[in-house]
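A short write-up of the structure that comes next.
The values are calculated or read from the model by the stated rules, or taken from the named source; none is laboratory data. The structure presented is a predicted model; accordingly, all values stated were derived computationally and were not measured. Here the Cβ positions follow ideal geometry from the backbone for every residue, glycine too, while neighbour counts run over all protein chains shown.
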Amino acid sequence: MSQDERGVGSVRGRPRSDKHRDVALGLLSAAEHALAIKGHTEITSREIADLAGTNQAMIRYYYDCKDGLLSTVVENALRAKSRRCDEFERKLGKDDGCSMRNFVALLMEEFLGSAALYRVVSAELANDGSIIKSRYSGHARKTFAQVVRILDRFRELGILGADTDSWHAAFTLVCFIHSPIALSPILDEFQTSLKELSSDPWIDHVSGLMLARYGAKPDIQQ
């Protein structure tokens, strides 16, 4: 995801110069990089600021606190995913590439490609006072509703069976996508990895299971 795609998110303060914007974007990029190396509770504001080439005061200025910064990183990842799903939905019925397999591939790329961010969310969901949890919840509902809506369109187009419950199908698909993230600390025990679980053979497997269970017509299975 490029810095322009990330956006600055919910940055505080008056309109900023390009230099100020660069600092805010640099903090987002540094936080995302740091999460790929350490757990979010282990990362300090100073480490993130050092990676961004600035100081801790800038985190407080733009994002209130470290959790505010991490929340913005997560929110921006969800917005990027939502934009891609919107584009996919607009092409449904018009583009041969809008198959179940391509939808599964899109979701895996977006979620598994940002696995470190969603591990943060998973850890924070049990914390009632979490800023990250409170800001993620609304986005999560919108994300799930978007998946349900796309599967509704698949049903209307005959890709899924007429009796398919789109909510059940969406929940099944989300479980397929998120399970590797939840299990990532112990994937070695299964002799696999996130890279393998986002590979073409696994995408084929998951999309095949979805089509087999939810009644795609044989003549249009992808």
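Considering only the stretch 185-193, I want to know if a residue exists there that is part of a helix (DSSP H, G or I) and charged (D, E, K, R). Within the stretch 185-193, one or more residues are part of a helix (DSSP H, G or I) and charged (D, E, K, R).
Matching residues to (1) of a type in the set (Phe, Trp, Tyr); (2) modelled with pLDDT under 90; (3) touching a Leu at 6+ places or on another chain (Cβ under 9 Å):
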{"residue": "6", "(1), (2), (3)": "no, yes, yes"}
{"residue": "11", "(1), (2), (3)": "no, yes, no"}
{"residue": "48", "(1), (2), (3)": "no, no, yes"}
{"residue": "57", "(1), (2), (3)": "no, no, no"}
{"residue": "74", "(1), (2), (3)": "no, yes, yes"}
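Looking across the stretch 24-59, the residues that are assigned to a loop (DSSP other than H, G, I, E, B) and touching a residue at least 24 places away in the same chain (Cβ under 8 Å) come down to 36, 39, 40, 41, 53, 54. Residues that are outside any helix (DSSP H, G or I), crowded, with 18+ Cβ neighbours inside 10 Å and among the acidic types (Asp, Glu) within the stretch 60-102 are absent altogether. Only one entry in 123, 105 is modelled with pLDDT of 90 or more, in the same structural domain as residue 176 (by TED's automatic domain parsing), small (Gly, Ala, Ser) and part of a helix (DSSP H, G or I), namely 105.
Among the residues that make up the stretch 185-193, is at least one of them in contact (Cβ under 8 Å) with a residue 40 or more places away in the chain and at negative phi? Among the residues of the stretch 185-193, not one is in contact (Cβ under 8 Å) with a residue 40 or more places away in the chain and at negative phi, which makes the answer no. Could you figure out which of (1) more than 13 Å from the chain's Cα centre (by Cα); (2) without any contact (Cβ under 8 Å) to a residue 40 or more places away in the chain; (3) within 23 Å of residue 37 (Cα to Cα) isn't true of residue 97? So the condition that residue 97 fails would be (3). Evaluate the following for residue 120: is it under 28 Å from residue 42 (Cα atoms) and under 20 Å from the mean Cα position of the chain (by Cα)? So residue 120 passes the test. Being touching a Gly at 6+ places or on another chain (Cβ under 8 Å) and more than 30 Å from residue 65 (Cα to Cα) is the requirement here; does residue 160 meet it? In short, yes.
Taking residues in the stretch 136-150 that are assigned to a helix (DSSP H, G or I) and modelled with pLDDT under 90, and partners anywhere that are of a type in the set (A, V, I, L, M) and crowded, with 20+ Cβ neighbours inside 10 Å, the pairs with Cβ atoms closer than 7 Å and at least 6 places apart or on different chains are 136/74; 136/121; 139/78; 143/78.
Checked against the criterion of being buried (at least 19 other Cβ atoms within 10 Å of the Cβ) and not aromatic (Phe, Trp, Tyr), the candidates 124, 189 yield just one match: 124.
Just so you know, in the stretch 196-222 the residues that are in a loop (DSSP other than H, G, I, E, B) and at pLDDT 90 or above include one that is surrounded by the most Cβ atoms within 10 Å (Cβ to Cβ), and it is 214. Criterion applied to 169, 182, 145, 162 was being touching a Phe, Trp or Tyr at 6+ places or on another chain (Cβ under 6 Å), among the small types (Gly, Ala, Ser) and assigned by TED's automatic domain parsing to the domain that holds residue 112, and the one residue passing it is 169. Looking across the stretch 22-38, the residues that are closer than 23 Å to residue 139 by Cβ and either surrounded by 13 or more Cβ atoms within 10 Å (Cβ to Cβ) or at pLDDT 85 or above (or both) come down to 24, 25, 27, 28, 29, 30, 31, 32, 33, 34, 35.
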